[in-house]
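Worksheet: one structure, shown below.
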Amino acid sequence: AGIGKCVALDLARRNARTILACRNQERGQAAVEEIRAATGNPAVLLRLLDTSSLASVRAFAQAVLQEEKRLDVLVNNAGLTGLPFTITQEGLEKTFATNYLGPFLLTNLLLG
């Protein structure tokens, strides 16, 4: 939703192979279908990613590096605010993990 969806729509309109990295399967798939219909670009894909989980970030990065020949553009857009204080399974504060640590790790893993 929001800025991330708009960016994905613009990239798909430019005929880019576009991977939506989403936490929620249902919402992500709905966005993929909407973007495909609006652009006619069948190369819009959904991959699940929860940037609050470093294990999820590692698994996502590994899959992208195995499946894709190259990565030209990375847009880190995940973020949340206003949640009650929560600790992730990895012992990290959830907002900090989601907004900073996860995207930082993802970027560094995808640099190759």
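The values are calculated or read from the model by the stated rules, or taken from the named source; none is laboratory data. In this text, all values refer to a predicted model and were calculated from it rather than measured experimentally. SASA here: full protein model, heavy atoms, side chains in, ligands and nucleic acids out. Shrake-Rupley method; radii C 1.70, N 1.55, O 1.52, S 1.80 Å.
Per-structure values
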| item | result |
| --- | --- |
| Space enclosed by the convex hull of the alpha-carbon atoms of region 34-86, per residue, Å³ | 119 |
| Share of carbon and sulfur in the accessible heavy-atom surface of the chain [1.4 Å probe, %] | 54 |
| Segment Arg27-Thr107, length gained on full extension (0.36 nm per residue, minus Cα span) | 26.4 nm |
| Surface per residue (accessible, 1.4 Å probe) for the chain, Å² | 65 |
| Mean projection area, nm², convex hull over Cα of the chain | 7.0 |
| Kyte-Doolittle at least -1.0, axis length at least 18 Å by Cα - qualifying DSSP helices, the chain | 25-39, 54-67 |
